[in-house]
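Participant: I'd like to ask you about the structure that follows.
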Amino acid sequence: MDLRQLRNLVFVARHASFGVAATKLNVTQPALSKSIRALEQSAGVRLLDRGPWGVKPTEYGLRLIEYGELVLSLTEEARNELDAMRGARRGVLRVGAIATAMREIVPRATRKFLDFHPDVAVTLNEELSPALLNLLINGSLDMAVMTRPRDFPGEEVEFRKVLEIPMDIVADRNHALAQRHEVNVSDLVAYGWIMPARPDPDRLALDTLFASAQLPLPQAVCETTSSNLQVAMLTGSPWLSYLSRTSPHARAPDAHLVPLTLVGPTWTRTIGITIRKRSVMRPVVNAYVKEIETICAEIQSRALP
């Protein structure tokens, strides 16, 4: 089993076709088929099923492809790092983040990072935490700024908490509840909600808030993971939602939304830096992590009640 064979397997599975994969790899189809057969003989199991539907990985193939994706990604990381060290070309840093982190944390950290590392090409991806976790595990990201999903594979990745942001219940600035000096959880029951679907961690935290008060769970009139859609749907409506205390959508002087003065605490959103345990922490990754930590420490001081 060698790197070339792993790359061939990954490409065939990715394109579900020997012909397309051969074109992408710039090899002949017979040579590619021979390479896969040799890999299967070396592994002692069938890795691909071939049929009229195309090519599909077997259970053994899927597992080996996971490792193959990671190995190929780490190989590219090593090549980029060595090239950057000798000045041959720029290094590459691939960062993923949730929408909350993309508003302030990631932009500020990236600008600061590039001030000191102008020759590094930074790629930024916004996704939900479960998607970021998958991209990180398969080697498509170097690090992610995210919340910790419920089913967190601690044996594969490390989560470093950098920020805990209190959450606010928010409404349109002309909402009936926005005019009150105090709002109880029971006052929220009569209204519909704009929020992500379960098992979003904040959605589950809101459920817990209602359940602790022995109230029926909040009912969504629209489920979305888009913060832009969330704000647009709330503006001028009777519905409710939640935002982090640092969100400009409910804190800026000209904001259309306002936080409700809820009696008692809500919950906090924990944001952390997630990295692969099997990956070598490159200098550029360490440098970016330090910028994230510095900015989060500042935001944390602002977010405190």
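The values are calculated or read from the model by the stated rules, or taken from the named source; none is laboratory data. Quick caveat, the model's predicted, so the values are computed rather than measured. As a convention, Cβ positions derive from the backbone with ideal geometry for all residues, glycine included, and neighbour counts pool all protein chains shown.
Here is a yes/no grid of residues against (1) surrounded by fewer than 16 Cβ atoms within 10 Å (Cβ to Cβ); (2) out of contact with any helix residue (DSSP H, G or I) (no Cβ under 9 Å at 6 or more places or on another chain); (3) of a type in the set (S, T, N, Q):
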site: Lys112; (1), (2), (3): no, no, no
site: Asp115; (1), (2), (3): yes, yes, no
site: Val122; (1), (2), (3): no, no, no
site: Asn134; (1), (2), (3): yes, yes, yes
site: Asn138; (1), (2), (3): no, no, yes
site: Met143; (1), (2), (3): no, no, no
site: Asp151; (1), (2), (3): yes, no, no
site: Glu156; (1), (2), (3): yes, no, no
site: Ile169; (1), (2), (3): no, no, no
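Participant: Now for a different question. Read through the list (1) closer than 18 Å to Leu128 by Cβ; (2) touching a strand residue (DSSP E or B) at 6+ places or on another chain (Cβ under 7 Å); (3) in a loop (DSSP other than H, G, I, E, B), then give the number of the only condition that Thr225 fails.
Facilitator: (2)
Participant: Does Asp187 satisfy being without any contact (Cβ under 8 Å) to a residue 40 or more places away in the chain, surrounded by 13 or more Cβ atoms within 10 Å (Cβ to Cβ) and on the phi < 0 side of the Ramachandran plot?
Facilitator: yes
Participant: Further, regarding this structure: Going through the stretch 206-259 one residue at a time, which ones are touching a residue at least 60 places away in the same chain (Cβ under 8 Å) and more than 27 Å from Ala97 (Cα to Cα)?
Facilitator: Once the filter is applied, which keeps residues that are touching a residue at least 60 places away in the same chain (Cβ under 8 Å) and more than 27 Å from Ala97 (Cα to Cα), the stretch 206-259 yields Gly236, Ser237, Pro238, Trp239.
Participant: Given the criterion hydrophobic (A, V, I, L, M, F, W, C), within 30 Å of the chain's Cα centre (by Cα) and assigned to a loop (DSSP other than H, G, I, E, B), identify the matching residue among Ala197, Ala190.
Facilitator: Criteria check complete, one pass: Ala197.
Participant: Go through Ser244, Ser226 for me and flag whichever is among the polar types (S, T, N, Q), modelled with pLDDT under 95, loosely packed, with under 13 Cβ neighbours inside 10 Å and under 19 Å from the mean Cα position of the chain (by Cα).
Facilitator: Ser226
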